[in-house]
1. In the neighborhood of F63, defined by Cβ-to-Cβ distances under 14 Å, what is the net charge if each Lys or Arg adds +1 and each Asp or Glu adds -1?
2. Between R25 and F59, what length comes free when the chain is fully extended (0.36 nm per residue of separation minus the Cα-Cα distance, one decimal in nm)?
3. Would you grab the residues whose amide H sits under 5 Å from the one on C81? Only those 5+ places off in sequence or on another chain, please, with H modelled 1.01 Å from N.
4. List every residue whose amide H lies under 5 Å from the amide H of I49, counting only residues 5 or more places away in sequence or on a different chain, with H placed 1.01 Å from N in the peptide plane.
5. Rounded, prolate or oblate, given the Cα gyration tensor of the range 19-71, with a/c below 1.5 counting as rounded?
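Throughout, read-outs are computed from the coordinates displayed, never taken from laboratory work. Every value quoted in this text rests on a predicted model; they were computed, and no experiment measured them. Note that we place each Cβ from the backbone using ideal geometry, even for glycine, and neighbour counts take in every protein chain shown.
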Amino acid sequence: MVDFLRESGLEQSVMDVQIEDVWPRVMGQTVQKLTRSIEVKNGVLIVHINSAALKAQLFENRFELIRKLNEAVGVPALKDCRILG
């Protein structure tokens, strides 16, 4: 199955959806409530946050955030992270 996804060019799309699915579990209820939207495009996580303080905190810890989310899906799906207000 993995070979088929890789050969068909769908592997990144599947990983993008997996990242979106694990966001609430990895980040917890409080962050989830303050998250306006999340999407992944070509390995870049784009998160819209309703709190300036949380936005600053997530930005400061973005590399740890990428590591935790990649760990949750079991592959290095994310390369970068953008935290937007």
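1. Net charge in that neighbourhood comes out at +1.
2. Taking 0.36 nm per residue and subtracting the Cα distance, the gain is 10.3 nm.
3. L45
4. Correct list: R36, L84, G85.
5. It is rounded, given that a/c, with a ≥ b ≥ c, falls under 1.5.
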